[in-house]
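Nothing in this text is a laboratory measurement; each read-out follows from the coordinates by a stated rule. All figures in this text were calculated on a predicted structure; none of them were measured in a lab. In this analysis, Cβ positions are derived from the backbone assuming ideal geometry, glycine residues included, and neighbour counts consider all displayed protein chains.
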Amino acid sequence: MSIKGSTRVYAIFGHPVSHSLSPRMHNAAFKALHLDCVYVPFDVQPKDFETAARAIRAMGISGVNITIPHKESIIFFLDEISPEASLTGAVNTVKNDDGKLTGYNTDVGGFLRSIKQDLGFHPKGSNVAVIGAGGAARAVLSALCMNEASEIYIINRTFDKGKKLAVEFKKNFKDTQIYAVSLDNKEEVEKSLSSANLLVNATSAGMKGVDSVEVPLEFLSQRAVVYDLVYDPRETNLVKQAKGIGQRASGGLGMLLYQGAESFNIWTGVEAPIEVMRKAIG
Ligand code: NAP
């Protein structure tokens, strides 16, 4: 890679950020398409976030991915945000057009594309149990509601957080029934799972070094599928257990790939080289 005066700079702001696969994925794509662009990681602590956000314009950074814990804070510094980002309340992609900053949420499209491609699942008319009520769960909910899921059960450890999310999304989507369930309420969890066509883990439980959430998978119907947003390890305990009892299941690498591809398209206006990007993070 040769950096010149004309090279356009793309970045990711997060804390921590050293584990991120995005630099590998985007630099491989730039290289494959011979684009004069580079993608660099910046570990930005919350106390420094304002300075970093203002530097996007000041330093002429062409585009930025925003990750934990800044996806909500960035909104304040933008000129415009997309409908998906507004609904989700979070931005993971910023495009800088000559100083005009627009925010997008490509996690929404990334999740949707991954459940379709990796599990053959289409949300319209379906019942879905989502474990978690954080930023990732919000993106999952946006994708499901915008695509006319019929019923959604938000199962969360902190019940009030799930309840608040259910109330918020119900206001925007009258045709989707949304219920909040406490992860501790065994009976309600079993009921949610038995009516679900799709079970999603949108918690950080199950990441390398973190115990998985205990889920009574035996209550799922045989045709239900399981999606775990966690991708490190590539095959989480939840995915292993689901496959072990004959369910179709996928980890979250596809979502990471497709959200990256959508960011790439937004930034460059060029179709992302999916297979190159997949190989870079595989
Ligand atoms: P977050 O905003 O911090 O939310 C974390 C959620 O996980 C909360 O609902 C929290 O419950 C729950 N949780 C955490 N530890 C738990 C445990 N031990 N048992 C039960 N629930 C637990 O994080 P996030 O941004 O939503 O991210 C969640 C996960 O999704 C992360 O692993 C992230 O890497 C992954 N993710 C993947 C992709 C992808 O492209 N595949 C994209 C985005 C995120 P409480 O409310 O009770 O605290």
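Of note:
- Antiparallel DSSP beta bridges within the range 48-164, percent to nearest 5: 55
- Whole-Hz ³J(HN,Hα) from phi, Karplus 6.51 cos²θ - 1.76 cosθ + 1.60, for the range 86-101, glycine and proline x: 5, 5, 6, x, 8, 10, 10, 9, 10, 10, 9, 9, 6, x, 8, 9
- Summed residue charge, Cβ within 11 Å of Gln241's Cβ, Lys/Arg positive, Asp/Glu negative: -2
- Here the range 125-282 has an Rg and Dmax of 16.0, 49 Å, counting Cα atoms alone.
- Average projected area [Cα convex hull, the chain], square nanometres: 14.4
- Fully extending the segment from Lys47 to Lys279, taken as 0.36 nm per residue of separation minus the present Cα-Cα distance, adds 80.0 nm.
- Counted residue by residue at 0.36 nm each, then reduced by the alpha carbon distance between them, the extension gain from Asp232 to Lys208 reaches 8.0 nm.
- As computed over the range 127-167, the Cα convex hull volume per residue (Å³): 56
- Residues Val140, Val230 arranged by fewest to most Cβ contacts within 10 Å: Val230, Val140
- For Lys4, a cut-off of 26 angstrom between C-alpha atoms picks up these lysines, skipping any fewer than 8 places away in its own chain: Lys31, Lys95, Lys100.
- Global form of the range 228-282, assessed from the alpha-carbon gyration tensor, a/c cut-off 1.5: prolate
- Residues whose placed amide H lies under 5 Å from that of Val226, excluding near-sequence neighbours: Leu199, Arg248, Ala249, Ser250
- The range 185-257 - Kirkwood radius from inverse mean 1/r over Cα pairs (Å): 12.3
- With the highest mean first, a sort of the peptides 3-9, 235-241 on other beta-carbon atoms found within 10 angstrom per residue produces 235-241, 3-9.
- Relative packing of peptides 251-263, 200-212, 55-67 - highest average C-beta neighbours within 10 Å first: 251-263, 55-67, 200-212
- Computed from phi, the 3J(HN,Hα) profile of the range 143-158 under the Karplus parametrisation 6.51, -1.76, 1.60 (θ = phi - 60°) reads 4, 5, 5, 5, 10, 6, 4, 8, 9, 10, 10, 8, 9, 9, 4, 8 Hz, with x in place of Gly and Pro.
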